[in-house]
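Asker: Below: one structure in structure tokens.
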Amino acid sequence: MSLPIAELVPPHIRAFEAYVPSRPDAELMRTYKVDHLHRLNNNENALGPPPAARRVLESFEPPSAAAYPSGDCFFLRQTLGERFGKDPERFLVGNGSCEVIASVIKAFCDKGDNIITADKTFAVYEWVAEFSGFQARLIPLRNQGFDSEAMLRAMNGRTKILFVCNPNNPTGTWWKRDEMERFLRGVAGRAIVVLDEAYREYVDDEDFPDGMEIMERHKNVVVFRTFSKMYALAGLRVGYVCGQKDAVDYIRRTHIVYSVNSLGQPAAAAALLDDAEHIRSTQAMVAEAKALLLPAFDELGLPYVCGAGNFAMVQTPASDSLIYRQLMRRGVMVRTMTGFRFPNWIRVSLVQQPVMRDFLSAFRDVVDLVRQGGAA
Amino acid sequence: MPAHSPQCLTLELPPDVAYLPTAASAAENAAQVFGLDRNGTLKLSLAVEEFFAYLCRFAGREEPLRLTLSQGGTFVRVAFRFRAGDVSLRALNFAAQVDLASGPDSLSDQAAELGLLVASRTTDRCSMESSGSGVYVLTAEVDRQYPEAAPLCTPQFLIPPISVSRPEDGPLAKGLLQHAALLAAERYPVRACPASFFRPERFADMVTAGQYQALLAQDATGKPAGLLCWRASGPKSVVFSGPYVFDAAPDRVLAKETARLLAERFLSAVARTEAVCAFSERPTSDVPEGWFESLGSLTLRGEDGEGESPQAALFRHLREDVGGAVWCHPDLTPFLERQYNLLAFSRDILKAEPTQTHHTTEHSLLATSLDRRRGLAILRPLLDGQDFATNLAAHVSALKEQAQEGPPPDILLHLDLSEPWQAALYPAIRGCGFEPRLILPHAGASDLLVCQHVTAHS
């Protein structure tokens, strides 16, 4: 009899939960017996990519698919360098920011090291650390935001990386310039500080600390950004890290080359060329969605958290998973928040008015049903 | 007993009785090292001898028998992995009887089954699992002995603020857990408490060993203020007990806040684990409103043994439900459709037909757990067999006889709807007096159907 496979697997992998992505729309619609599905679970930009990126996608020649992409995203890095006034060698592009997170952890952490982040934030920092065998020190949020002082107190000699999601997913809170500076002075260069700015383009406030500028004063700062959110290229998976040249060089050693495809690279580069109007339109769409939803949540007597970003979180009068199932039966898909350690909250993407109205109508139905005891 | 460094001994032995002393001495040695007392060591050694002798005779001979002895914290486990061969494990049934006078031709087989019967009765639990085509794992456990303790009835008023934490290893945390278990045993109905609360040292050891996970609430003075514990149920769900709150005035805001903190921390603790679902078949009245969904209820006999009382079952998903498929006998379809619709679950219901008689073995096997303190028995089909209906009826009778002078236990039967052969047993189960009551989502390899024997109170 052969050895059971489990005996070949390290304990930290055996204990780890595999991420289960949601099923394709067609399968979900069949399962929930609905003829339409509004996907409001992944904070996608429903406006789609900016015009120049669209033109790249439309003009893609199928024979080009036969050739390998640029292994290190050469032209995209050139464009990023021009956009931010930095050496292209200071950029490393990955298959979405998840891949870049893994590369950074692999580059800096060794056995016995730890990372620090919040308990209620984007889960991938914690997941990658733990399945790589490193401790994730999780600091509770304070007033729905990252607690900078508690993060500093949690540091020890084995802390290698502090992940700050700014703005935070799912609460939308963000540190202002002063708080960021105090925090970075407290870290004092003892560890890498990752500023994950996936939702940075949704903040239109002069007091927002721009990681691209901060890294010039604090050499231990690296910044993550993505084309999946504001730029609506989630399906092509393009994210990047920018930092000091030596830091990025170490990260590159652990990074998989050729991981960004031939369509994603030029589309992402093009997206940066004419993004001003796209960003304004998206911000307007999000503002209109907030103006519709938030008063309705008030009217329903349901607490909500809605800061920067194209999403809102609302507390539910029953288990979030029950609300999810009932909304799915009405053709609306949201994100349950138990996995983010916000049990009995859901997160909903902020998109165009007709879809928001559909969501609101279905949500009101479900809340009424629950309050009347008609749901399970 | 550190939870992360399990002690384990594995031997691969040819299926030959010449190696019986090797197996027995390994069991004896392991039992002593793993903390069983003399009586427990004798039980484990005897069980290993009898199982080994039986499997040498009937298991497939093409591969060695793998014997694994492991320390489970509060018990020692022996597991035999073997090829089916001509094995019949009917003697492991709770209702099994061996008739040595049945005839000279079968006398030798009957004697072998008697050994199996002895082995199963000397251990505290036995179970069987299929581990691939024709490969089975037979498992038996012998518990360490712990003293019973009287529940604590000291009235206490909690002082804010309340803090909730996972107990760490060490004597201080162990003492707090034992204290909390005794407070819960006094304040809550027996049905709402795990049996180990009445042997609190055992409960604390189960937590240390990882058999239970626990959250302990303490008030400003460090007194135990509340408790919630849980364990795995199948690969995809956890079953919880509690929350238990130890304030003398359970309606106080502070008591409710303690229950809410425990529930919230519990969900945070399990939210990013393998578990898809959390449920409880014995929730307390302190479960905060709106945090869990009702699965329905069972009708159990009253605490005093008289009358009936409803027992609610609660659950919640820990992530989005992606749907699934279950097997179902056509007679069961209306019940499942109604329940899944009430719960707003999406399930593909697949039709399970009874297995052709010539494809099943002669004898079925049922797992039985009987909690005498709670007056509750749970049956689970482990192996299909042509005698299933008769065997099930024999189990019901045997469980009623166990009660002797007292009221008969409530009898539940769990069917794992991921197994078509189990779903196909439904008519036989119904014919034996069981009715479908609840679905426990993801509680087995798939959803579990809970049937209750409706004449148990008669």
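Every number here is computed from the coordinates shown, using simple stated rules; none is lab data. Note that the structure is a prediction, hence the values are computed from the model and not measured. Backbone-built Cβ (ideal geometry, glycine too); neighbour counts: all protein chains shown.
Asker: Using each residue's phi in region B:334-350, evaluate 6.51 cos²θ - 1.76 cosθ + 1.60 at θ = phi - 60° and report the 3J(HN,Hα) Karplus result to the nearest Hz, with x for Gly and Pro.
Answerer: x, 5, 5, 4, 5, 5, 5, 5, 4, 7, 6, 8, 9, 9, 8, 9, 9
Asker: Where in chain B is the longest stretch that carries no trypsin sites (Lys or Arg not before Pro) classed as loop by DSSP and with at most 16 other Cβ atoms within 10 Å?
Answerer: It runs B:62-251.
Asker: With the cut-off at 1.5 for a/c, could you classify chain A from its C-alpha gyration tensor as rounded, prolate or oblate?
Answerer: The shape class here is rounded.
Asker: Put one equal scatterer on each alpha carbon of the protein assembly as shown, apply the Debye formula with no solvent term, and list log10 I(q)/I(0) at q = 0.06, 0.10 1/Å to two decimals.
Answerer: -0.47, -1.20
Asker: Right, something else. Using only Cα atoms, locate the centre of region B:117-178 and the centre of region A:225-302, then give the distance between them in Å, rounded to an integer.
Answerer: Centre-to-centre distance over Cα atoms comes out at 49 Å.
Asker: Let me ask something else. Averaged across B:282-292, how many Cβ atoms of other chains sit within 10 Å of each residue's Cβ atom?
Answerer: Details: counts 0, 0, 0, 0, 0, 0, 1, 2, 9, 4, 3.
Mean partner-chain Cβ count within 10 Å for B:282-292: 2.
Asker: Check which residues have an amide H placed less than 5 Å from A:Asn43's amide H, if you skip close sequence neighbours.
Answerer: Long-range HN contacts for A:Asn43: A:Ser349.
Asker: Next question. Can you pull out the GluC sites (Glu not before Pro) in region B:209-318 that DSSP calls coil and that have at most 15 other Cβ atoms within 10 Å?
Answerer: When the GluC sites (Glu not before Pro) of region B:209-318 are filtered for loop state and at most 15 Cβ neighbours within 10 Å, B:Glu289, B:Glu303, B:Glu306 remain.
Asker: HN-Hα J couplings of region A:119-132 from phi, Karplus 6.51/-1.76/1.60, θ = phi - 60°, integer Hz, Gly and Pro as x?
Answerer: Calculated HN-Hα couplings, in order: 6, 10, 8, 3, 6, 5, 4, 5, 4, 5, 4, 6, 6, 8 Hz.
Asker: Now for a different question. Can you list the aspartates and glutamates whose alpha carbon is less than 15 Å from that of B:Lys223, not counting same-chain residues fewer than 8 positions off?
Answerer: Within reach: B:Asp247.
Asker: List the equivalent ellipsoid semi-axes of region A:261-314 in whole Å, largest first, each obtained as the square root of 5λ for an eigenvalue λ of the Cα gyration tensor.
Answerer: Whole-Å semi-axes of the equivalent ellipsoid: 33, 13, 7.
Asker: In whole Hz, with x marking every Gly and Pro, tabulate ³J(HN,Hα) for region B:135-141 from phi via Karplus 6.51 cos²θ - 1.76 cosθ + 1.60, θ = phi - 60°.
Answerer: 10, 10, 10, 9, 10, 9, 10
Asker: Where Rh denotes the Kirkwood radius from the mean inverse Cα pair distance, what is Rg over Rh for region A:51-273?
Answerer: With Rg and the Kirkwood Rh in hand, the quotient comes to 0.97.
Asker: Less than 28 Å apart at the alpha-carbon level, and either on another chain or at least 8 residues along: which lysines does that give for A:Lys86?
Answerer: A:Lys106, A:Lys160, A:Lys176, A:Lys219, A:Lys229, A:Lys245
Asker: Something else about it: Placing +1 on the Cβ of each Lys and Arg and -1 on the Cβ of each Asp and Glu in region A:51-273, which of A:Phe183, A:Cys165, A:Thr254 has its Cα farthest towards the positive end of the resulting dipole?
Answerer: Highest projection toward the positive end goes to A:Thr254.
Asker: Another one. Using the Cα centre as the reference, give the magnitude of the dipole from point charges on the C-beta atoms of the protein assembly as shown (Lys, Arg: +1; Asp, Glu: -1; all else neutral), rounded to the nearest 20 debye.
Answerer: Numbers: 84 positive and 99 negative charges, 268 e Å.
Approximately 1280 debye in magnitude.
Asker: What Rg and what Dmax come out for region B:321-458 when only alpha-carbon atoms are used, in angstroms?
Answerer: Cα only, region B:321-458: 15.1, 49 Å (Rg, Dmax).
Asker: Amide H of B:Leu300 versus every other amide H placed in the peptide plane: which residues, excluding those fewer than 5 positions away on the same chain, fall under 5 Å?
Answerer: Counting only residues 5 or more places away or on other chains, the set is B:Ser309, B:Gln311.
Asker: Going toward the positive end of the dipole of region B:264-318, with +1 on Lys and Arg Cβ and -1 on Asp and Glu Cβ, which of B:Val270, B:Ala312, B:Phe292 do you reach last?
Answerer: The residue sitting farthest along the positive end of the dipole is B:Val270.
Asker: Can you give the charge dipole size of chain B about its Cα centre, rounded to the nearest 20 debye, using +1 on the beta carbon of Lys and Arg and -1 on the beta carbon of Asp and Glu?
Answerer: Roughly 940 debye for chain B.
Asker: Measuring from centroid to centroid over Cα atoms, what is the spacing of region A:86-112 and region B:260-311 in Å?
Answerer: 44
Asker: Take the Cα pairs of chain B, get the Kirkwood Rh, then feed it into Stokes-Einstein at 20 °C and 1.002 mPa s and tell me D in µm²/s.
Answerer: Estimated via Stokes-Einstein, D reaches 91 µm²/s.
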